[in-house]
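Trainee: So that we are looking at the same thing, I have put the structure below in structure tokens.
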Number of protein chains: 2
Amino acid sequence: MVVCTGQSFLAPYKSSSIPGLRQIFLRHPSFQATRFFPSNCPLPQPSFSQSVSKQAASAGLRLFNSSHRPRNFHFSKTSIGPFAPVYVQLSKPRYFSQSAKMAITSGSYTQKHKVTVIGSGNWGTTVAKLVAENTREHGDIFEEDVQMWVYEEEVTLSKDSPHYDESVGDKPQKLTSVINKYHENVKYLPKIALPTNVVANPSLQDAVKDSSILIFNLPHEFIGNVCKQIKGHIPPYARGISCIKGVTVTDSDVSLICEYIGDALGIYCGALSGANIASEIANEEWCETTIAYNTPPVDEPGSNGSAGGADGTNGHLDARGQISKTQLTPVPQEYPPLGHDVMYKLFSRPYFTVSMVSDVVGVSLGGALKNIVAIACGFVEGHGWNMTAKTAVMRRGMQEIIAFAREFFPDTIEEKTFWEESAGWGDMIVSCTSARNWRYSKMAVERGVTVQEIEKTELNGQKLQGISTTREVASFLRARGVEQKYPLFMAVDGILDGKVKVEDIPKLFRK
Amino acid sequence: MVVCTGQSFLAPYKSSSIPGLRQIFLRHPSFQATRFFPSNCPLPQPSFSQSVSKQAASAGLRLFNSSHRPRNFHFSKTSIGPFAPVYVQLSKPRYFSQSAKMAITSGSYTQKHKVTVIGSGNWGTTVAKLVAENTREHGDIFEEDVQMWVYEEEVTLSKDSPHYDESVGDKPQKLTSVINKYHENVKYLPKIALPTNVVANPSLQDAVKDSSILIFNLPHEFIGNVCKQIKGHIPPYARGISCIKGVTVTDSDVSLICEYIGDALGIYCGALSGANIASEIANEEWCETTIAYNTPPVDEPGSNGSAGGADGTNGHLDARGQISKTQLTPVPQEYPPLGHDVMYKLFSRPYFTVSMVSDVVGVSLGGALKNIVAIACGFVEGHGWNMTAKTAVMRRGMQEIIAFAREFFPDTIEEKTFWEESAGWGDMIVSCTSARNWRYSKMAVERGVTVQEIEKTELNGQKLQGISTTREVASFLRARGVEQKYPLFMAVDGILDGKVKVEDIPKLFRK
């Protein structure tokens, strides 16, 4: 798979911390790096100095200034922040060359990736199942056994269970033992056969030991504690994928859960999100997902495992487009290179179509903020309005999500994630037509009670995620005095407070 | 409403037919024009010659070449076709200046726009209703009475009708008389009160007489004949809006219905489309729409009603981005300028939110091709798959619609119409969850019969529009040998033929 040959993209540049050198960030859906060039490079003159061009050529790059760029030029983004543009074209394949690909498939690496799923609820067990199907199929890349950390508890099998054992009777048994014996998570994913290579493990530290790929899949309130427990017990070169949708919003900041995990553990962590529902995937009903994984430069095959930047940084950018405070340890060369290709092979199933992107911001924001829109859709539908009105709310909601991304992540956002990906419009549609936040906010309006009341009577006190997201986001926007730019988000907050009426929603959108 | 001040956009240029002059097309969501500059303008050198800059400044434009463009630069499109780019910034308001706006609202024009709705079915009568509500509200711009052409027929009112008249009994009455007497279209939009200023008229030629705004709203098979009948009977400066969704596809061409109307009548015609259903709008249930109206340069207030081009053309571009073969007569200066502002006032209601764009191609293609996707969604859902699978099909369908637009309308397509507008994703969602094509293709799979069978048994032989669109588009793609780029469109065609199975759909999307 040659990903980048001949493609071009826009790279902002700025003075680096090293005298005499300019720093150029290269960002591309399947490629990211930091390179340095002499500051006396005469931009934006018609051509680069010979020495710079030569240096670039040896790095597999061609540089153009804006008036000499090639016709088939593709932008990676149209807004370039505070820097003047430099156009960079990759003249050599930079991601997986044919030879690198062959190397993976021919199994010439001496190490295989060990995979651990952290979490074993409905969604965690589902992901463990599909991942284990893939580690078995791709034995040249992955160790076959997939560890699944299970918060140990005791279960009792009833007589009508196919796993009922007379010799045990109704004595409590450990959940991990039951999973490993019967290959079924009888408590959280009953009636779904798990591959025998899913290994339930009650010890968190033992489950993550030597694992180069960690998949996080547990309620987000447990993340902080789990990270504390495994820190120092994972390989320094481990990489993560967060299946926990969303962002953490306080009055002062919006942060991505995947980035929180990465920073807490000193690793890089991507995010999985999309228009999919755990129970359906478990039943192998076809659906899609998006995985955002912005392969760190140190993990590119071309980097030979060395840290990339001339200033000693590894050039890994955070969600704001700044050099990350987390210093990454490269994945050793003994392993198959850990990028989009390997992640795709780990998650893609015939019933689970995966699209790989690099935009962790778009995938994370889409996964979180769409819940506010789902609440709004529930209100509108509960009020008796039809699909056309609900669709109008979805469309406006998507526009506010994108406005939010543009305002608070201006240097990194890729709008096309929202428009094109399953984690964008796809997830929006499913969330506003078949998921929890929509269902229970609709029920509240239909019954003429508050959503809080529904949480008590229907959800056993469990909280709807969309409600807390709405509260946090509204408070964050108010703290910045920009709430007038987000009329739908604020209306949902106002409706929750009883200060705004559902029937006022159309007024928000009149000129 | 100052629309364009300070905004910038990209304009391709090429040699004009006039020696010594370069022709520059300016395109912008609310502005379009052709301007000419001396060929010796030293593009792409750092600055324009003084004479060109001066000429541009006097026209209210600032020109930049690519390396000197301002930071807040916005592209109108990223693909620029075969021409090198020129960057143009409007330094004066070009659309409605404050004074022009005041002129409209203060009613200083001696003529008002007369509006005729051609067609009086369910959808036509609904549009006549909302338009008549607006002509009454904006008496400074429009004549109050709205003509509605009705294909005359006889109706009989039953005894339980509120309009039953004992003196008439069950004698047949003319539909136009009933509408004008009781202000209700008892046959096609029963139980909806029409404003008294909707005037039903059985004479097509009399209905369109002196009308400067024609709204086309009838089954598309009647368009050709209607255009023949009214040609020569409308003012040469009339303008149109087509509420007939779609395109006409033959093996050799794709043409827009609105453009067909414009060319047939020698006028300009825009298009209305969106996530809306006639009966809901008639009941004043809130929904949205998109109106695509690419205001002809001759109608801009700044053009003073004169034809704009130095070569005598009026610079009006067709759907392919070429100079249109239709020579327009400017709307006389006695009328309020006919652009987005007036069209918005004509259609926008508290229950009907209007978004104005210039992209007639996107609005027309979206309205037509989404029906193929709706058929696919019906198949998938009828097969028992869930919302996540259906959403995946919608997402892939949208990608194929955009690929189609890019391939066959490369110079004019604005992708954001599909992503952002009600005529794009909005219409897609409604069509795939609540409209005819989806409903009956779902029913066919559920019953294990062909869609053709359903047309016979459930639709009284009436044809589903999505079926003929699928057939025409598939044939068009095959004639070009590009069918492999459109796997979903072709799969729907194959399923209709019994050659492809619904359960094969996920395979289309695996890498």
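The values are calculated or read from the model by the stated rules, or taken from the named source; none is laboratory data. Keep in mind it's a predicted model, so treat the numbers as computed, not measured. Cβ placement follows ideal geometry from the backbone for every residue including glycine, while neighbour counts extend to all protein chains displayed. Just the protein is used for accessible areas: all its heavy atoms, side chains included, with ligands, DNA and RNA removed. Shrake-Rupley method; radii C 1.70, N 1.55, O 1.52, S 1.80 Å.
Trainee: Which of the strands (runs of 3 or more DSSP E) contained wholly in the stretch A:113-212 include at least 3 residues that are of a type in the set (Phe, Trp, Tyr)? So that I can check it myself, show each step before the final result.
Mentor: Numbers: elements: A:113-118, A:142-149, A:198-201.
Per the criteria, no element qualifies.
Trainee: Do we have residue A:412 as in contact (Cβ under 8 Å) with a residue 40 or more places away in the chain and open to solvent by 10 Å² or more (accessible area, probe 1.4 Å) here? Break it down into steps so the answer makes sense when it comes.
Mentor: Numbers: in contact (Cβ under 8 Å) with a residue 40 or more places away in the chain: yes; open to solvent by 10 Å² or more (accessible area, probe 1.4 Å): yes.
Taking the combined requirement at face value, the residue satisfies it.
Trainee: Here's another thing I want to ask about it. Against the definition (open to solvent by 60 Å² or more (accessible area, probe 1.4 Å), farther than 25 Å from residue A:336 by Cα and touching a residue at least 12 places away in the same chain (Cβ under 8 Å)), how does residue A:156 come out, yes or no?
Mentor: Numbers: open to solvent by 60 Å² or more (accessible area, probe 1.4 Å): yes; farther than 25 Å from residue A:336 by Cα: yes; touching a residue at least 12 places away in the same chain (Cβ under 8 Å): yes.
For residue A:156, the condition - open to solvent by 60 Å² or more (accessible area, probe 1.4 Å), farther than 25 Å from residue A:336 by Cα and touching a residue at least 12 places away in the same chain (Cβ under 8 Å) - is met.
Trainee: Go through the stretch B:259-291 residue by residue and tally those that are within 14 Å of chain A (Cβ to nearest Cβ), of a type in the set (A, V, I, L, M, F, W, C) and over 23 Å from residue A:381 (Cβ atoms). Can you show your working first?
Mentor: Step one: of the stretch B:259-291, the residues within 14 Å of chain A (Cβ to nearest Cβ) are B:273-291.
So of that shortlist, the ones also of a type in the set (A, V, I, L, M, F, W, C) come out as B:275, B:277-278, B:281-282, B:286-287, B:291.
With over 23 Å from residue A:381 (Cβ atoms) added as a condition, the list becomes B:291.
Selection size over the stretch B:259-291: 1.
Trainee: Among (1) more than 26 Å from residue B:145 (Cα to Cα); (2) charged (D, E, K, R); (3) crowded, with 21+ Cβ neighbours inside 10 Å, there is one condition residue B:239 misses while meeting the rest; what is its number?
Mentor: Unmet for residue B:239, out of (1) more than 26 Å from residue B:145 (Cα to Cα); (2) charged (D, E, K, R); (3) crowded, with 21+ Cβ neighbours inside 10 Å: (1).
Residues are listed down the side, and each one gets a yes or a no for (1) among the polar types (S, T, N, Q); (2) surrounded by fewer than 14 Cβ atoms within 10 Å (Cβ to Cβ); (3) away from every other protein chain (no Cβ under 14 Å):
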{"site": "A:430", "(1), (2), (3)": "no, no, no"}
{"site": "A:438", "(1), (2), (3)": "no, no, no"}
{"site": "A:452", "(1), (2), (3)": "yes, yes, yes"}
{"site": "A:477", "(1), (2), (3)": "no, no, yes"}
{"site": "A:490", "(1), (2), (3)": "no, no, yes"}
{"site": "A:495", "(1), (2), (3)": "no, no, yes"}
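Trainee: On to the next question. Residues of the stretch A:448-500 being of a type outside the set (A, V, I, L, M, F, W, C) and touching a strand residue (DSSP E or B) at 6+ places or on another chain (Cβ under 6 Å), which ones? Please lay out each step first, then the result.
Mentor: First, the residues of the stretch A:448-500 that are of a type outside the set (A, V, I, L, M, F, W, C): A:448, A:450, A:452-453, A:455-458, A:460-463, A:465-466, A:468-472, A:475, A:478, A:480-481, A:483-487, A:493-494, A:497-499.
Passing the criteria: only A:472.
Trainee: Say we look at the stretch A:319-356 and pick out the residues that are within 14 Å of chain B (Cβ to nearest Cβ) and out of contact with any strand residue (DSSP E or B) (no Cβ under 9 Å at 6 or more places or on another chain); which of these is surrounded by the most Cβ atoms within 10 Å (Cβ to Cβ)?
Mentor: Among those that are within 14 Å of chain B (Cβ to nearest Cβ) and out of contact with any strand residue (DSSP E or B) (no Cβ under 9 Å at 6 or more places or on another chain), it is A:349.
Trainee: With respect to residue A:420, determine if the residue is buried (at least 20 other Cβ atoms within 10 Å of the Cβ) and modelled with pLDDT under 95.
Mentor: When the stated conditions are applied, residue A:420 passes them.
Trainee: Right, another one. If only one of B:349, B:395 is assigned by TED's automatic domain parsing to the domain that holds residue B:425 and either under 27 Å from residue B:510 (Cβ atoms) or of a type outside the set (Ser, Thr, Tyr) (or both), which one is it? Spell out how you get there, then give the answer.
Mentor: Values: B:349 fails: assigned by TED's automatic domain parsing to the domain that holds residue B:425.
After ruling out the rest, the residue left standing is B:395.
Trainee: Going residue by residue through the stretch A:357-379, is there one that turns out to be over 26 Å from residue A:128 (Cβ atoms), open to solvent by 10 Å² or more (accessible area, probe 1.4 Å) and out of contact with any Asp or Glu (no Cβ under 6 Å at 6 or more places or on another chain)?
Mentor: For the stretch A:357-379, residues over 26 Å from residue A:128 (Cβ atoms), open to solvent by 10 Å² or more (accessible area, probe 1.4 Å) and out of contact with any Asp or Glu (no Cβ under 6 Å at 6 or more places or on another chain): absent.
Trainee: While we're here: Taking the stretch A:380-403 as the region of interest, how many residues are among the polar types (S, T, N, Q) and either open to solvent by 10 Å² or more (accessible area, probe 1.4 Å) or more than 7 Å from every other protein chain (Cβ to nearest Cβ) (or both)?
Mentor: From the stretch A:380-403, those among the polar types (S, T, N, Q) are A:386, A:388, A:391, A:399; that's our starting set.
If we keep only those that are either open to solvent by 10 Å² or more (accessible area, probe 1.4 Å) or more than 7 Å from every other protein chain (Cβ to nearest Cβ) (or both) too, we end up with A:386, A:399.
Number satisfying all stated conditions: 2.
Trainee: Right, next: Go through B:206, B:210 for me and flag whichever is open to solvent by 10 Å² or more (accessible area, probe 1.4 Å), touching a residue at least 60 places away in the same chain (Cβ under 8 Å) and assigned by TED's automatic domain parsing to the domain that holds residue B:134.
Mentor: Numbers: B:206 fails: touching a residue at least 60 places away in the same chain (Cβ under 8 Å).
So the residue among B:206, B:210 that is open to solvent by 10 Å² or more (accessible area, probe 1.4 Å), touching a residue at least 60 places away in the same chain (Cβ under 8 Å) and assigned by TED's automatic domain parsing to the domain that holds residue B:134 is B:210.
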